[in-house]
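Before any comments, here is the structure.
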């Protein structure tokens, strides 16, 4: 087993114990100490950039030889530009307010008896992800800032990249007050199953992968799980849409980065504007090399020459995350029908409406069940960095919070601290019970 990029390291239980011990010390460090550690990580990654990029190139070459899918390859690839952007994100995390130690409630229960609710770290995170080596960087920075230890398990396709990344991160931490043991890397599939059983040492698991993988994790652990599987996102172009806005929004949502989980997968178009909008948007999509799949109603508004290069949408297309330059299009008779379609087929990730009708927009935003609901903008804005979180550990589509892009605020919990001066509960019960003051301070 390997976690510290050396061979012959201790068992996973021992590693988890070390991570928890390091996390307890990290959890009480000052904001300054944590920020110094984050800057040390950024500098160590910059110093190791050549090795990281070379390792990623080797990962990409090996993955191509094994027939990796195009979307997964796009997530795996990390050139110098992408690495530099990720390092910039690390420094952005350092600039964020400390999420630990915030007083959420400060209340006098009675004179001299004071209640506080104070944010504190979760403890130890376990994050399992495929491809996306930059995730190891983003997650480590967020974990340090929020006072948590983290055990990382990347996919085999990103093994070389993640090994070099975590090696650099630990080297950076070694120069600070933060114990390098708070960041660990697992490298084998067998360790994943064992990790799911470590409920004594791991406080939260965040799986980032396929729908089936997320379900596997949820069904095989007692540890709380936070994550999303598919990102089946929609853009609905309403009858009151400004088509000069609608077209670039749809094109951006689909093509700006099609492998992203917040990319557009199904475009819904109101039948009233379909005759004007569909020919122009389909032509623009095809110019961007997008494979278009049309429902029967959509086909009525396009010429034979265009239809010859489009496929017919199947029922399965409405529930498919393509993560590629493929887009399904459906014409609907109303915003109510669009909302019903989204709530039936969407994955509760991100949904958008394009309309100039404020009432219709509010109905859509209120009735669509998703972590992100957008009006007159691309679904691609659903992202922790773009939200100002510095980075994200993932995007949660569950109903309970945290929901949507999970940054620092999703990695802390809270505890109640009560301080008295010899107070006892008997004083406040019985026939002559003293009343509480319950005065917010």
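Enter the angle in degrees (range 0 to 90, nearest 10) between the Cα long axis of helix 12-26 and the first principal axis of the Cα atoms of the chain, meaning the one along which they spread out most. Rounded to the nearest ten degrees, it is 70.
Give, in whole angstrom and from largest to smallest, the semi-axes √(5λ) of the equivalent ellipsoid of the chain, with λ running over the eigenvalues of the Cα gyration tensor. Numbers along the way, then the final one.
Working: eigenvalues 359, 195, 65 Å².
In descending order, the three semi-axes are 42, 31, 18 Å.
Listed by Cβ neighbour count within 10 Å, with the fewest neighbours leading, 213, 277 appear as 213, 277.
Count the DSSP beta bridges whose two residues both fall in the chain, then state the antiparallel fraction as a percent rounded to the nearest 5.
Numbers: 19 of 58 bridges.
Counting DSSP beta bridges with both partners in the chain, the antiparallel share is about 35 percent.
Hull volume per residue, based on the alpha-carbon atoms of the range 318-441 and their convex hull, is 228 Å³.
Mind checking the full-extension length gain between residue 66 and residue 256? Use 0.36 nm per residue of separation minus the Cα-Cα distance, one decimal, nm. Please report the intermediate quantities before stating the final value.
Numbers: separation 190, 0.36 × 190 = 68.40 nm, distance 2.66 nm.
Length gained, residue 66 through residue 256: 65.7 nm.
The C-alpha atoms of the chain define a longest principal axis, and helix 49-65 lies at about 50 degrees to it. The range 21-38 and the range 351-407 have Cα centres spaced 32 Å apart.
Distance from the alpha carbon centroid of the range 178-200 to that of the range 118-152 works out to 12 angstrom.
What ranking of 322, 428, 416, 73 emerges when the number of other C-beta atoms within 10 Å of each C-beta is taken as an exposure proxy, fewest first?
Values: 322 21, 428 14, 416 10, 73 17.
If I rank by nearby Cβ atoms, fewest first, I get 416, 428, 73, 322.
Put a dot 7 Å past the Cα of residue 287, heading toward its Cβ, do the same for residue 84, and the two dots end up 3.0 nm apart.
Take the Cα of residue 428, go 7 Å toward its beta carbon, and the backbone nitrogen atoms of the range 104-141 under 12 Å from that spot belong to 107-116.
Can you tell me the FRET efficiency between residue 387 and residue 297 if r is taken as the Cβ-Cβ distance and R0 is 51 Å, rounded to the nearest 0.05? Mind showing how you got there, number by number?
Working: r = 36 Å, r/R0 = 0.70.
Calculated transfer efficiency: 0.90.
Paramagnetic label reach from residue 418 (point 7 Å along Cα→Cβ; backbone nitrogen cut-off under 18 Å): within the range 71-105, residues 104-105. Return the distance in nm (one decimal) between the two label points of a simple spin-label model at residue 33 and residue 245, each offset 7 Å from Cα along Cα→Cβ. In this crude spin-label approximation the distance works out to 5.0 nm.
Modelled this way, with points 7 Å down the Cα-to-C-beta line, the labels at residue 272 and residue 359 are 1.1 nm from one another.
List the pair-distance distribution P(r) of the range 3-133, using every Cα-Cα distance, as the percent of pairs falling in each 5 Å bin from 0 up to the bin containing the longest distance, rounded to whole percents. Going from the shortest bin to the longest, the percentages are 2, 8, 11, 13, 16, 16, 13, 8, 5, 3, 2, 2, 1, 0, 0.
Considering helices alone, the calculated mean residue ellipticity of the chain at 222 nm is -12000 deg cm²/dmol, with DSSP H runs of length four and up weighted by -39500 (n - 2.57) and normalised per residue. What whole-number distance in Å separates the alpha-carbon centres of the range 239-290 and the range 92-112? Comparing the Cα centres of the range 239-290 and the range 92-112, I get a distance of 44 Å. Size check on the range 233-381: the Cα extents along the three principal axes, sorted descending, read 40, 31, 27 Å.
Report, to the nearest 10°, how far helix 358-367 tilts away from the longest principal axis of the Cα atoms in the chain, using its own Cα long axis and a range of 0 to 90°. With rounding to tens, the tilt is 60 degrees.
Work out the FRET efficiency for residue 174 and residue 440 from their Cβ-Cβ distance, taking R0 = 41 Å, and round it to the nearest 0.05. Could you put the intermediate results ahead of the total?
On the way: r = 44 Å, r/R0 = 1.08.
Result of the calculation: an efficiency of 0.40.
Listed from fewest to most Cβ neighbours within 10 Å, the set 78, 400 follows the order 400, 78.
Suppose R0 equals 22 Å; then what is the FRET efficiency for residue 194 and residue 156 from their Cβ-Cβ distance, rounded to the nearest 0.05?
Values: r = 16 Å, r/R0 = 0.74.
The value I calculate is 0.85.
We did not get these values from a lab; they are worked out from the coordinates using the rules stated. The model shown is predicted, which means the values in this text are computed figures rather than measured ones. Methodologically, a virtual Cβ is constructed for each residue, glycine included, from the backbone with ideal geometry; neighbour enumeration extends over all protein chains shown.
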